[in-house]
1. Which order do 168, 112, 91 fall in if you start with the one that has the fewest other Cβ atoms within 10 Å?
2. Calculate the spin-label point distance for residue 101 paired with residue 49, positioning each point 7 Å from the Cα along the beta-carbon direction, and give it in nanometres.
3. Give the dimensionless ratio obtained when the Cα radius of gyration of the chain is divided by 2.2 N^0.38 Å.
4. Starting from the amide H of residue 200, placed 1.01 Å from N in the peptide plane, find each other amide H under 5 Å away whose residue is 5 or more places distant or on another chain.
5. For the Cα atoms of the chain, what angle does the longest principal axis make with the long axis of helix 2-34, in degrees from 0 to 90, nearest 10?
6. Need one number: the % of Cα-Cα pairs in region 13-155 sitting beyond the 22 Å mark.
7. Give the cross-link partners of residue 102 among the lysines, using a straight C-alpha distance below 23 Å as the criterion and excluding same-chain residues fewer than 8 apart.
8. Which GluC sites (Glu not before Pro) does region 101-169 hold that lie in a coil by DSSP with at most 12 other beta carbons within 10 Å?
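Throughout, read-outs are computed from the coordinates displayed, never taken from laboratory work. These numbers were taken from a predicted model, which means no experiment stands behind them. Every residue, glycine as well, gets a Cβ built from its backbone with ideal geometry; the counts of neighbours run over all protein chains shown.
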Amino acid sequence: MKTIMLISVMAMIQPFILAQNATEIVKRADDKMRGEKSSYSVMTMKIVRPAWERTITFKSWSKGTELSLVYVTAPAREKGQAFLKLDRDMWNWNPRINRLIKLPTSMLSQGWMGSDYTNDDLLNQRSIVVDYSHKLVKEEVVSGESCYKIELIPHENAPVVWGKIMMWISKQHDIAMKIEYYDEDEFLVKTEIGKDMKNMDGRYIPCTFELIPADEEGNKTVVIFEEIKFNIPIEDSFFTQQNMKRVR
């Protein structure tokens, strides 16, 4: 009888344990790439289309899950643009038109600087941990790494773009090696692959991420980390609308 009761209890709590473990895995991967407290990075983004290519370089600062600031350094036409996230609010400063714009929720799904990454992907950093439930599906090998395959489903009324996300997170390195993004009807929209694993500021992480749309042949966006530092001292006062106009 005791054995039967124990089996019944374990059957009831097992889904909860798996959900907790899946959330912990996603959080570790998020912290590993962003820094547990803060991070600073310099990146090059290559937007590839069948008839043309475009390169953007930018710097990014983040603190916790509520504060982030992105500053575009090239090309010259876009240099000086800045993007700020304060909790749920997102802003864009464009020096060419001397205008500060608050990004409405409707713009979260739009491509950032014309790339395949959305404003939500680049700025809404807290979302994958806070705004989704997590379920451990199985284990698979991606790019030679044994990975946890985890399903992310948005909470009801969560201010996010995606109807579902699938993540493959390296068991050894706690880093996302592959991510699939689905719309509300669960059709695949795009796939992100992590490549070029290197030691960056003491962490073994992919230095190249390739984002490929599912239904736009020949299109992709490649992001290369040129520099990254984790858990650097940075004040909350750095993340202000005033600093968007003077950060370099």
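1. Numbers: 168 25, 112 21, 91 18.
Ordered by Cβ neighbours within 10 Å, fewest first: 91, 112, 168.
2. Each label point is offset 7 Å from its Cα along the Cβ direction, giving 1.8 nm.
3. Scaled against compact globular proteins, the figure is 1.08.
4. 205
5. 20 degrees
6. Values: 4993 of 10153 pairs.
In whole percent, the share of Cα-Cα pairs in region 13-155 beyond 22 Å is 49.
7. 59, 63, 79, 85, 245
8. Working: sites: 139, 140, 145, 151, 156; in loops: 156.
Taking region 101-169 and a limit of 12 other Cβ atoms within 10 Å, the loop GluC sites (Glu not before Pro) found are 156.
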